[in-house]
Amino acid sequence: MSNGAKIAIGGVVAAVVLIPFIGFWWSLLVLVGVPVLGYLALDPSQRRRLRRITRKEIGH
């Protein structure tokens, strides 16, 4: 199983776990907001490097 598939399955599991506790919209906000905040926390040079490399190279 590829890393992308593992991350997608983890996201689905997190959504299913969060929905009963905080509701659909809040869980969707968490699932979208956490990666966005992680991206915004990077230095400008790290963001450039992340945009430059292809998706297959991420994680190597």
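The values are calculated or read from the model by the stated rules, or taken from the named source; none is laboratory data. These numbers were taken from a predicted model, which means no experiment stands behind them. Using ideal geometry, Cβ is built from the backbone for each residue, glycine included, and neighbour counts are taken over all protein chains shown. Ligands, DNA and RNA are stripped out before the accessible areas are found, and what is left, the full protein with its side chains, is counted by its heavy atoms. Shrake-Rupley method; radii C 1.70, N 1.55, O 1.52, S 1.80 Å.
Three principal axis extents describe the C-alpha atoms of the chain; from largest down they are 38, 29, 11 Å.
Angle of helix 3-22 to the longest C-alpha principal axis of the chain, folded into 0 to 90 degrees and rounded to 10: 30°.
A simple charge model with +1 on the Cβ of Lys and Arg, -1 on the Cβ of Asp and Glu and nothing else charged puts the dipole of the chain at about 380 debye relative to its Cα centre.
Of the solvent-accessible surface of the chain, computed with a 1.4 Å probe over protein heavy atoms with every protein chain present, carbon and sulfur atoms account for 70 percent.
Estimated from helical segments only, the mean residue ellipticity of the chain at 222 nm is -25000 deg cm²/dmol, where each DSSP H run of four or more residues counts as -39500 (n - 2.57).
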